[in-house]
Amino acid sequence: AVAARATDLSKVYGEGETQVVALDRVTVDFRQAEFTAIMGPSGSGKSTLMHCVAGLDTFSSGSARIGDTELGSLKDKQLTQLRRDKIGFIFQAFNLLPTLTALENITLPMDIAGRKPDKQWLNTVIEMIGLSGRLSHRPAQLSGGQQQRVAVARALASQPEIIFGDEPTGNLDSRSGAEVLGFLRNSVRELGQTVVMVTHDPVAASYADRVIFLADGRIVNEMAHPTAERVL
Ligand code: ADP
Ligand code: ADP
């Protein structure tokens, strides 16, 4: 099954002489329980693609859907609701609340939404996070890699249809990055989570099941079972 899909998706910024075609008729499926990396030079449209499919940005033509929901027909309020209910986000900056413990950070989005996390799922996520004994620590007491693992667990907590990561290892050294990527990969393998990650890093991309390459707003290549050497 398909967790998210873009069909002939285009995004144009500006008008006339200053017009920029950020996405040029991109068609791509993100299948359930698949880990996809999006690579490409700066300005190739990676963020725009992610933002359009994640309902964070409007698009100019074509369609985008999350699960069975077409985004083009939704109003802002419905898009916000859809992001809350169906999408998990991980950013380069960990974006944890400093006054809350790791565990409180993990359940915060669900608390705000007034939803109860599935206990068994949450326990499984917490077992996978590799933070035993540190769940009551605040972010400042955790390493960067530990903080980002908390952010991954936060994204996973609501059992979203899909998780989008925007350079999730961009602020981490390679060892911490590997811990975060291993956690993401396990969430795909063991929990059936769908993950899409924008990255510049060939090593990060090698954790994915496939890589799509963008250039000038188009998909120019796709690779299954990437290795860092082949992606470079
Ligand atoms: P990437 O994530 O691969 O670096 P982006 O999706 O950020 O690429 O950008 C794709 C193209 O769209 C670039 O040419 C960029 O300058 C342009 N762009 C992105 N956001 C805006 C914006 N808000 N206004 C105008 N142009 C933009
Ligand atoms: P609200 O109207 O509740 O403030 P937001 O649009 O701020 O809704 O956030 C909804 C979801 O989208 C949140 O999970 C948030 O983390 C994510 N989000 C908001 N802005 C961005 C962005 N620029 N890039 C990536 N994710 C974002």
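Worth a mention:
- Whichever aspartates and glutamates have a C-alpha closer than 16 Å to that of residue 46, once near sequence neighbours (fewer than 8 apart) are set aside: 8, 24, 29, 57, 166, 167, 201, 216, 222
- Ranking of 119, 86, 11 by neighbouring Cβ atoms within 10 Å, starting from the fewest: 119, 86, 11.
- In segment 149-210, the alpha-carbon atoms span a convex hull of 77 Å³ per residue.
- Principal-axis tilt of helix 102-113 within the chain, Cα atoms, nearest 10 degrees: 60
- Between residue 32 and residue 232, the simple label model (points 7 Å from Cα in the Cβ direction) yields a spacing of 3.8 nm.
- Shape call, segment 62-152: gyration tensor on alpha carbons, a/c limit 1.5: prolate
- Share of pairwise Cα separations in the chain, more than 30 Å, in percent: 23
- Only one residue of 88, 62, 33 has its Cα farthest out toward the positive end of the dipole of segment 32-90, where Lys and Arg carry +1 and Asp and Glu -1 on Cβ, and that residue is 88.
- Segment 5-80: GluC sites (Glu not before Pro) falling in loop per DSSP and having at most 16 other Cβ within 10 Å: 15
- Ordering of 212-218, 101-107 by packing is 101-107, 212-218, highest average first (other Cβ atoms within 10 Å, averaged per residue).
- Charge dipole magnitude, Cβ of K and R +1, D and E -1 - the chain, Cα centre, debye nearest 20: 580
- Ranked list, fewest to most other Cβ atoms within 10 Å of each Cβ, for 75, 46: 75, 46
Each reported figure results from applying straightforward, stated rules to the coordinates on display, with no laboratory input. Bear in mind that the values here come from a model prediction, so they are computed numbers and not experimental data. Don't worry about glycine lacking a Cβ; one is built from the backbone with ideal geometry, like all the others, and counts go over all protein chains shown.
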